[in-house]
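Everything on this sheet refers to the single structure shown next.
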Amino acid sequence: MPADVQPDAEPSRPGYDGYWYPNGTEPNGTDPHAAPLPVTAVDVLRAVRRFRAADVAMRIRARSNMDMNDSDLVALRHLIAAEERSEPIGPKDLSGFLGISSAATAKLLSRLEASGRLHREPHPSDRRAQVLFATGRAHEEIRRVLGAAHQRMLAAAEKLSGSEQSAVVRFLDELSGAMDEPAEATESSGPESVPASSAT
């Protein structure tokens, strides 16, 4: 085939977004003139992906505004959240949360300290250990960059009834558990199983 001739593309399906679903579970919304259909499980997973994409975009903007990489921003937000819970966080705790080595954590902490966003204090009951704290500057930056978005997110959650909030929490916790399952657990599920890409 000549280099400038491309093979015919696979026929597109209305509403198809590159994810595979079992027969009969295609997302709703394929016909803009049709009456609204009941929401399906696939519609829910598509909404989760939209939220995740919006969250990634928000973090990219925050990193750009604060001139930080993703790991540093995640670490800083984790420290601030821990402070609000009065939970002491040390270098080992942060390393486990981020899933990185102690050496990588040491470099991360050095960067945050050098930028004036982190300080360390001796652990109150173990003088050999350290407790990590975000500085006042870090708190202010996070409020400036993410505070408005977090308020809008909270307002959206507060629109739900108590039973709806419980259902969302239960669903998201179960979804998190499903995503944490090892890949081997689904290898023998057969051709009708939904690949992991359909849920992410």
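The values are calculated or read from the model by the stated rules, or taken from the named source; none is laboratory data. Just so it is clear, the structure is predicted and the values come from calculations on it, not from any experiment. Cβ atoms come from the backbone with ideal geometry, glycine included; neighbour counts cover every protein chain shown. All accessible areas refer to the heavy atoms of the entire protein, side chains included, with ligands and DNA or RNA removed. Shrake-Rupley method; radii C 1.70, N 1.55, O 1.52, S 1.80 Å.
In the range 79-102, which residues are aliphatic (A, V, I, L, M) and either touching a strand residue (DSSP E or B) at 6+ places or on another chain (Cβ under 7 Å) or at pLDDT 95 or above (or both)?
Across the range 79-102, the qualifying residues are Leu79, Ile80, Ile89, Leu94.
Every residue in the range 76-92 that is under 22 Å from Gly116 (Cβ atoms), part of a helix (DSSP H, G or I) and not β-branched (Val, Ile, Thr), please.
Hits for the range 76-92 are Leu76, Arg77, His78, Leu79, Ala81, Ala82, Glu83, Glu84, Pro91.
Filter the range 134-146 for residues that are crowded, with 19+ Cβ neighbours inside 10 Å and either in contact with an Asp or Glu (Cβ under 8 Å, 6 or more places away or on another chain) or without any contact (Cβ under 8 Å) to a residue 40 or more places away in the chain (or both) and give the result.
Ala134
Looking at the range 82-92, is at least one residue over 11 Å from Leu132 (Cβ atoms), over 18 Å from the mean Cα position of the chain (by Cα), open to solvent by 70 Å² or more (accessible area, probe 1.4 Å) and not charged (D, E, K, R)?
yes
Output the residues belonging to the range 133-145 that are within 20 Å of the chain's Cα centre (by Cα) and farther than 11 Å from Met66 by Cα.
Hit for the range 133-145 is Arg143, nothing else.
Conditions (1) modelled with pLDDT under 90; (2) open to solvent by less than 80 Å² (accessible area, probe 1.4 Å); (3) within 25 Å of Arg144 (Cα to Cα), marked per residue:
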{"position": "Asn23", "(1), (2), (3)": "yes, no, no"}
{"position": "Pro36", "(1), (2), (3)": "yes, no, no"}
{"position": "Ala41", "(1), (2), (3)": "no, yes, no"}
{"position": "Ala62", "(1), (2), (3)": "yes, yes, yes"}
{"position": "Asn65", "(1), (2), (3)": "yes, no, yes"}
{"position": "Arg77", "(1), (2), (3)": "no, yes, yes"}
{"position": "Leu108", "(1), (2), (3)": "no, yes, yes"}
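Within the bounds of the range 114-128, is there any residue that is within 20 Å of the chain's Cα centre (by Cα) and surrounded by fewer than 14 Cβ atoms within 10 Å (Cβ to Cβ)?
No: zero hits.
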